[in-house]
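Input: a single structure, listed below in structure tokens.
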Amino acid sequence: MDSVTVPVVPNATTTPIPSTGEALVRSAKCFGRVVCKLFIAVPYVLFESLSISTEIICGVGGAAVGAVRGGSVKLARAAGAKLGLCEKSTKPLKEYVIKDFHRGTNLGWLPGQIVGAAGVVASLPVLVNPTMLIAEGINFGFLGLATTGFAYDEIKRNGHSCAEDLSKTMLSDLRHQFRELHDFLYGDKQP
């Protein structure tokens with residue numbers, strides 16, 4: 001038989017919780033956190049998606065400018081080298097394009113914030129429409145119940161639940177992922 005490797009969380013307790021009441025309370029808190037955070041996450045993801053899309057569009061414009069700028073520099077330096085006025089450029093065109101893509105995304109930050117906020121405001125009638133709220137409530141409630149079931153089982157069995165931890169850090173993890181994407185677009189972080 002093959003052995004199974006189980007990841008260990010250093011601060012997790014591994015003693016089962018015999019108290020059904022305590023496990024139910026902890027899993028009910030998990031349900032509440034999941035449902036509330038999903039209602040917050042929908043407009044947040046909409047805002048960030050519109051913002052990042054606008055920044056990428058500005059970045060593409062910057063990359064086009066970089067291609068033209070880099071190409072003209074390379075042509076001018078090549079012509080100057082033929083005339084003996086300067087040395088031929090050894091910098092690849094890719095560097096101009098990437099640098100100006102990052103400049104474009106940096107310039108696109110403010111328009112991205114405006115477009116993101118306008119998109120959320122424009123979608124509010126859809127998001128708070130009673131039919132949509134019922135659909136979201138059913139969807140989020142089902143997800144919350146599924147998470148609660150897993151959390152209850154893990155808490156009862158192990159005294160610790162990954163679903164419970166995830167419900168506590170859901171929004172901060174989401175925010176960190178968007179921040180890393182922004183940093184990548186701005187050129188502050190490499191993939």
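The values are calculated or read from the model by the stated rules, or taken from the named source; none is laboratory data. In this text, all values refer to a predicted model and were calculated from it rather than measured experimentally. Here the Cβ is made from the backbone with ideal geometry for all residues, glycine too, and neighbour counts use every protein chain on show. Protein only, heavy atoms only, side chains kept; ligands, DNA and RNA dropped before computing areas. Shrake-Rupley method; radii C 1.70, N 1.55, O 1.52, S 1.80 Å.
Brief remarks on what is shown
- For region 45-85, the solvent-accessible area works out to 55 Å² per residue, with a probe of 1.4 Å and every protein chain left in place.
- Of the trypsin sites (Lys or Arg not before Pro) found in region 14-107, those in coil by DSSP whose Cβ has at most 16 other Cβ atoms within 10 Å are K88.
- Within the accessible area of the chain (1.4 Å probe), percent carbon and sulfur: 70 percent
- Lysines whose Cα lies under 30 Å from that of K74, excluding same-chain neighbours fewer than 8 positions away: K82, K88, K91, K94, K99, K189
- Largest first, the residues H102, H176 sort by 1.4 Å accessible area into H176, H102.
- Shape of the chain, Cα gyration tensor, a/c cut at 1.5: oblate
- Length available on full extension from K82 to C162: 0.36 nm per residue minus the Cα-Cα distance, which gives 22.1 nm.
- Estimated from helices alone, the mean residue ellipticity of the chain at 222 nm is -29000 deg cm²/dmol (sum of -39500 (n - 2.57) over DSSP H runs with n ≥ 4, per residue).
- Counting 0.36 nm for each residue step from C36 to L181 and taking away their Cα separation leaves a gain of 49.7 nm.
- Separation between Cα centres of region 90-163 and region 170-190, rounded to whole Å: 12 Å
- Kyte-Doolittle mean at least -1.0, axial Cα span of 30 Å or more - DSSP H helices of the chain: 20-83, 130-158, 162-186
- The residues packed around L181, meaning those with a beta-carbon under 15 Å from its beta-carbon, carry a net charge of -3 if Lys and Arg are +1 and Asp and Glu are -1.
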